[in-house]
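All remarks here apply to the structure that follows.
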Amino acid sequence: MWFKNLHIFRFLKDITVSAEELQISLAELVFHPCGKMDMVSIGWVSPLGRGNEHLVYSVNNCLVFKMRKEEKILPASVIREFISDRVEEIETQQMRKVRKREKDEIRDEVLHDLIPRAFTRSNYIYAYIDIKHGWLLIDTPNSKKAEELVEFLRHTIGSLPVVSPKLRLSVANIMTQWLIQANDCPADFELGDACVLANIDGAEANCKKQNLLAKEIHAHLKAGKLVKRLALEWNDRLGLIVDDELVIRRLQLLDLIQTQVNEINAESFEQQFQADFTIMSAEIAKLIERLFTVFGGEDEEVYQKIL
């Protein structure tokens, strides 16, 4: 298994929870499907898949876990249509106007009828705690979903002192400089063929499959746009898109790592999982440390103020 995205959170205190302790905590809020009248259900499931009782998998000094969120699919347009039909039926049969209070009561009745019959959809999010480096890493590019997992994990274990990384330099300014002056881009990073440029007022230029050093790109930069997202290749090992909040998207293996993965001869899903994760977590740790370095390092004074 390989993460496709990375939302990075920094622990402000040493990580003291063990795999056994985390297993016990997560088991208190194990996932259960939506009840008859529930619209949403959130809980923990095994990162090793259905039928496995381990909610935490410990490998390479990391604790891996997985959250499942199930939601009832009940579009607002469907609810409005049912309400409208019932209101029309009452007004036609009883020859009177249905008032707001009665419409609210009808809405409650409609929801009571429709919710148990609604289809469900599930969203799964992997995450892991890197004990050695003090990180919580979440496989989603979506800030809202990342925060939802953080809040649910905090609710589960009682305390979770994490924040987004606080860097000394502006990620947007540094990446913009790489496009203005290609020689400023570190030797172990190679510019990809895509970027998103944005003005301070939010206007964006989405550039795909382009030479990022071309005149057209420079024209946007001269007009005052900064890099919001930038496609990169790192050390012939990983491809990625970095955004100005240091969220990593479209993480992919390049030839050096793909060859290493292909040579794995696992005899079970768990062995494959362990081998993949061992390689992935090691590469991700080196990548994050390198990104922190090129963006000026972490600002420890900010962390101290938060504490």
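How high is the relative contact order of the chain, given as a whole-number percent (alpha carbon pairs under 8 Å, six or more residues apart)?
Reported as a whole number, the value is 21 percent.
Please name which of Ser46, Ile174, Ile115 has its Cα lying farthest along the dipole of the range 38-185 towards the positive end, using unit charges on Cβ (Lys, Arg +1; Asp, Glu -1) and the Cα centre as origin.
Result: Ile174.
Please compute P(r) over all alpha-carbon pairs of the range 171-306, binned at 10 Å starting from zero, and give each bin as a whole-number percent.
So the P(r) values, bin by bin, are 11, 37, 28, 17, 6, 1.
Once the other residues with Cβ under 15 Å from the Cβ of Glu151 are scored (Lys, Arg +1; Asp, Glu -1), what is the net sum?
+2
Tilt of helix 76-94 relative to the longest C-alpha principal axis of the chain, in degrees (0 to 90, nearest 10)?
Between the helix axis and the principal axis of the chain, the angle is about 10 degrees.
Hey, how many Å between the Cα centroid of the range 223-289 and the Cα centroid of the range 55-103?
Measuring centre to centre over Cα atoms gives 38 Å.
Normalise the Debye intensity by I(0) for the range 144-250, one equal point scatterer per Cα, no solvent, then take log10 at q = 0.13 Å⁻¹ and round to two decimals.
-0.56
Using only the alpha-carbon atoms, how far is helix 100-114 inclined from the longest principal axis of the chain? Give it as 0 to 90 degrees, nearest 10.
The angle comes out at about 70 degrees.
Run a plain Debye calculation on the chain (Cα atoms as equal point scatterers, no solvent) and give log10 I(q)/I(0) at q = 0.06, 0.07, 0.15 Å⁻¹, rounded to two decimals, same order as the q list.
Ignoring solvent entirely, the Cα scatterers give -0.30, -0.40, -1.18.
Sort 66-73, 118-125, 248-255 for me by packing, meaning the mean count of neighbouring Cβ atoms within 10 Å per residue, highest on top.
Ranked from most to least packed, the peptides come out as 66-73, 248-255, 118-125.
Can you give the Kirkwood hydrodynamic radius of the range 38-81 from its Cα pairs, in Å with one decimal?
12.8
Where is the GNM fluctuation largest for the chain (alpha-carbon springs, 10 angstrom cutoff): Asp243, Asp38, Asp130?
Result: Asp38 has the largest fluctuation of those listed.
Do the sum for the chain: with -39,500 (n - 2.57) for every DSSP H run of n ≥ 4, divided by all residues, what is the mean residue ellipticity at 222 nm, to the nearest 500 deg cm²/dmol?
Counting only the DSSP helices, I get -12000 deg cm²/dmol.
Taking the Cα atoms only, what angle lies between the long axis of helix 269-294 and the longest principal axis of the chain, rounded to 10 degrees?
It is inclined by approximately 60 degrees.
Springs between alpha-carbon pairs under 10 angstrom, Gaussian network model over the chain: which of Ser84, Ser281, Ser46 fluctuates most?
Ser84
Taking springs between alpha-carbon atoms closer than 10 angstrom, which of Ile15, Ile115, Ile131 fluctuates most in the Gaussian network model of the chain?
Result: Ile115 has the largest fluctuation of those listed.
Around Lys72, under 9 Å between beta carbons, what's the net of Lys plus Arg minus Asp minus Glu among the other residues?
-2
Less than 15 Å Cβ to Cβ from Leu307, Lys/Arg counted +1 and Asp/Glu -1: what total charge do the surrounding residues give?
-1
We did not get these values from a lab; they are worked out from the coordinates using the rules stated. Worth saying up front: this structure is predicted, and the values here are computed from it rather than measured. Positions of Cβ are backbone-derived with ideal geometry, glycine not excepted, and every protein chain shown enters the neighbour counts.
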